[in-house]
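Novice: Starting off with a structure, shown below.
The values are calculated or read from the model by the stated rules, or taken from the named source; none is laboratory data. Owing to the predicted nature of the structure, the values given are computational and were not obtained by experimental measurement. Every residue, glycine among them, receives a Cβ derived from its backbone with ideal geometry; neighbour counts consider all protein chains shown.
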Amino acid sequence: MEFQFLYAIPRMEVLDSFFLTVNKITGSYGQLWVVIAVILLFFKKTRKIGVAVLISYVLVYVLGQYGLKNMFSRMRPCQIDETFELLVARPSSSSFPSTHSAWAFGAATAIFLGNKKGGVIALIWAALIAFSRMYLFLHFPTDVLAGIVFGVLMGIIAVKLVDIITKKIGAAKAQ
């Protein structure tokens, strides 16, 4: 059923170019979110958001890229159907969950919880990244869905951690 969904996605040159651009801007390990986090760190008003985005990124990297992917070791659609013509290099890592989707939704959630306007833009970009993973035939829909859920949870956890740390620092300064 998941292959049927992937095969049903309409593919055309303009979409190929668009999703390749989304993929390139995002980076092979979602580096776009690290860059955004660093930019957010420069401004006092957005510093907490930047820290939350970085924490979310690290959580996804450690728990997702090295934890869940190794635990599930699910083959990617492009590793099963090698006849499908890929627009990118064939990855060798596991498919589940989509850590690109997790990085995107973790960061977007952290941004949204700190700034609704910026968060909506980040969520739209995150959705494009998530869909691109299926369009490029790199992930099954359930990989992407799991990545989205995992990312949202890591974003929420990151924001909560930043709040706890900020309160402890504030209490220490008050003494």
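Novice: Where residues in the stretch 2-28 are touching a residue at least 60 places away in the same chain (Cβ under 8 Å), among the aromatic types (Phe, Trp, Tyr) and surrounded by fewer than 19 Cβ atoms within 10 Å (Cβ to Cβ), which of them is farthest from Ile124 (Cα to Cα)?
Specialist: Among residues in the stretch 2-28 that are touching a residue at least 60 places away in the same chain (Cβ under 8 Å), among the aromatic types (Phe, Trp, Tyr) and surrounded by fewer than 19 Cβ atoms within 10 Å (Cβ to Cβ), the one farthest from Ile124 (Cα to Cα) is Phe3.
Novice: How many residues are in contact (Cβ under 8 Å) with a residue 60 or more places away in the chain, assigned to a helix (DSSP H, G or I) and hydrophobic (A, V, I, L, M, F, W, C) when one looks only at the stretch 132-145?
Specialist: Final tally of qualifying residues: 1.
Novice: Which one of Ala171, Ala126 is without any contact (Cβ under 8 Å) to a residue 60 or more places away in the chain, hydrophobic (A, V, I, L, M, F, W, C) and surrounded by 23 or more Cβ atoms within 10 Å (Cβ to Cβ)?
Specialist: Matching residue, one of Ala171, Ala126: Ala126.
Novice: May I pose another question? Leu87 is checked against (1) out of contact with any Leu (no Cβ under 7 Å at 6 or more places or on another chain); (2) surrounded by 14 or more Cβ atoms within 10 Å (Cβ to Cβ); (3) not basic (Lys, Arg) and fails just one. What number does that condition carry?
Specialist: Leu87 satisfies all of (1) out of contact with any Leu (no Cβ under 7 Å at 6 or more places or on another chain); (2) surrounded by 14 or more Cβ atoms within 10 Å (Cβ to Cβ); (3) not basic (Lys, Arg) except (1).
Novice: Checking Ile36 against (1) surrounded by fewer than 18 Cβ atoms within 10 Å (Cβ to Cβ); (2) of a type in the set (A, V, I, L, M); (3) farther than 17 Å from Phe131 by Cβ, which single condition isn't satisfied?
Specialist: (1)
Novice: Check the stretch 109-116 and report whether any residue there is crowded, with 24+ Cβ neighbours inside 10 Å, part of a helix (DSSP H, G or I), within 15 Å of the chain's Cα centre (by Cα) and among the hydrophobic types (A, V, I, L, M, F, W, C).
Specialist: Scanning the stretch 109-116 turns up at least one residue that is crowded, with 24+ Cβ neighbours inside 10 Å, part of a helix (DSSP H, G or I), within 15 Å of the chain's Cα centre (by Cα) and among the hydrophobic types (A, V, I, L, M, F, W, C).
Novice: I've got another one for you. For the stretch 35-79, how many residues are β-branched (Val, Ile, Thr) and in contact with a helix residue (DSSP H, G or I) (Cβ under 6 Å, 6 or more places away or on another chain)?
Specialist: Qualifying residue count, the stretch 35-79: 6.
Novice: Ok, one more. Can you tell me which residue in the stretch 135-156 is nearest to Gly50 (Cα to Cα), limited to those that are among the β-branched types (Val, Ile, Thr) and crowded, with 18+ Cβ neighbours inside 10 Å?
Specialist: My answer is Val152.
Novice: Mind checking which helices (runs of 4 or more DSSP H) fall wholly inside the stretch 1-103 and carry at least 3 residues that are under 24 Å from Met154 (Cβ atoms) and either over 16 Å from the mean Cα position of the chain (by Cα) or among the aromatic types (Phe, Trp, Tyr) (or both)?
Specialist: Per the criteria, 31-41, 47-59, 69-72.
Novice: Going residue by residue through the stretch 157-172, is there one that turns out to be part of a helix (DSSP H, G or I), small (Gly, Ala, Ser) and modelled with pLDDT of 95 or more?
Specialist: Yes, the stretch 157-172 contains a residue that is part of a helix (DSSP H, G or I), small (Gly, Ala, Ser) and modelled with pLDDT of 95 or more.
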